[in-house]
Amino acid sequence: MGKTSERRMVAIWDLPTRLFHWLLVGLMAVSYVTVEIGGNAMQLHAWSGFTILGLVLFRVAWGFAGSTPSRFKTFLVGPRRVKAYAQTLLRPEGAHHLTHNPLGGWSVAAMLAAVLVQAATGLFASDDIMTQGPLNRLVSSDTGRLLTDLHELNANLIVALAAAHVAAVLFHLVYKRDNLIGPMITGEKPWEGPLPEIRKSPLWLAAVVAALAAGAVWWLVR
């Protein structure tokens, strides 16, 4: 680990992680709007859900194979560190983090888990009218209704998590003067202080992981 006192731009978020983030944001918006419209829009809702499932499968795999900042072991920390960070959260001068802070890391994990549950239950859901998931036929009607109810309830959890995420980003931007949006667009963040070693994973590996995730979803829904 090297150290520097100079302020410099550090590349933290690789292209696959950034693409995942913004594609997920866009597709979640599509899923929300189409389910509100209903009718023929539900076909687009289904395809959006299939794509989201592929994205989440990719991100889970990338959490082990991706560049250092994108790996779960980098930003998922123990309860002591989470508690220590939470105690300094309201201090404007509190320490900034190069990647996810301890609370932010677990919020990412919570969102991934909730979206994975949403996409998975959608495969079995049915509105008993004109739309049903491709795997609905594999379960009983009672199980199908249960998974449909879970799909609808979990959607509210995702909305709450998304709102909390946006609020946290704005809180850091306005109150703590820590811009979390820019790095997720450009991949780079201005940084001063200890500079950890960051290992980058090649784009060809991301392409392979994405292809495997897409293949897994295609196998499920075909």
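The values are calculated or read from the model by the stated rules, or taken from the named source; none is laboratory data. Bear in mind that the values here come from a model prediction, so they are computed numbers and not experimental data. Virtual Cβ from ideal backbone geometry, glycine too; neighbours counted across all protein chains shown. These area figures cover heavy atoms from the full protein model, side chains too; ligands, DNA and RNA do not enter into them. Shrake-Rupley method; radii C 1.70, N 1.55, O 1.52, S 1.80 Å.
The table below gives the values:
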| item | result |
| --- | --- |
| Highest-MSF residue in the chain out of LYS200, LYS83, LYS189 [GNM, Cα springs under 10 Å] | LYS83 |
| Hz values of 3J(HN,Hα) by residue in segment 110-117 - Karplus curve (6.51, -1.76, 1.60), Gly and Pro given as x | 5, 5, 4, 5, 5, 5, 5, 4 |
| Extension gain (nm, one decimal) between ARG199 and ALA163, 0.36 nm per residue minus Cα-Cα | 9.8 nm |
| Solvent-free Debye scattering, log10 I(q)/I(0), computed from the Cα coordinates of segment 70-119 at q = 0.13, 0.21 Å⁻¹ | -0.34, -0.76 |
| Contour excess over end-to-end distance, with Cα ends at ARG222 and LEU138 and 0.36 nm allotted per residue | 28.9 nm |
| Under DSSP loop assignment and at most 13 Cβ neighbours within 10 Å, longest GluC sites (Glu not before Pro)-free interval of the chain | 94-196 |
| Amide proton proximity set for LEU195, modelled H, under 5 Å, gap of 5+ | GLY2, LYS3, THR4 |
| Under 5 Å, built H, 5+ apart or other chain: amide partners of VAL10 | LYS189, TRP191 |
| Positive-end residue of TRP47, HIS21, THR148, charge dipole of the chain with Cβ unit charges | HIS21 |
| Compactness of segment 1-118 as Cα Rg over 2.2 N^0.38 Å, two decimals | 1.30 |
| Contact order relative to length of segment 74-202, as percent, for alpha carbon pairs under 8 angstrom and 6 or more apart | 21 |
| Contour excess over end-to-end distance, with Cα ends at LYS73 and ILE181 and 0.36 nm allotted per residue | 36.7 nm |
| Pairs of alpha carbons in segment 160-222 whose separation is greater than 20 Å (percent) | 58 |
| Rh (Kirkwood; distinct C-alpha pairs) - segment 95-155, Å | 13.1 |
| Accessible carbon and sulfur surface of the chain relative to its total accessible area, %, 1.4 Å | 67 |
| Loop-located trypsin sites (Lys or Arg not before Pro) in segment 104-197, at most 10 other Cβ atoms within 10 Å (DSSP) | ARG177 |
| Using alpha-carbon coordinates, inclination of helix 141-174 to the longest axis of the chain, degrees | 20 |
| Mean accessible surface per residue for the chain, computed with a 1.4 Å probe while every protein chain stays in place, in Å² | 59 |
| The chain - charge dipole about Cα centre, Lys and Arg +1 at Cβ, Asp and Glu -1, debye rounded to 20 | 920 |
| Fraction in percent of alpha-carbon pairs per bin - 5 Å, the chain | 1, 6, 13, 17, 18, 15, 11, 8, 6, 3, 1, 1, 0 |
| Phi to ³J(HN,Hα) by Karplus 6.51 cos²θ - 1.76 cosθ + 1.60 over segment 97-108, Hz, x for Gly, Pro | 10, 5, 10, 6, 6, x, 6, x, x, 6, 5, 5 |
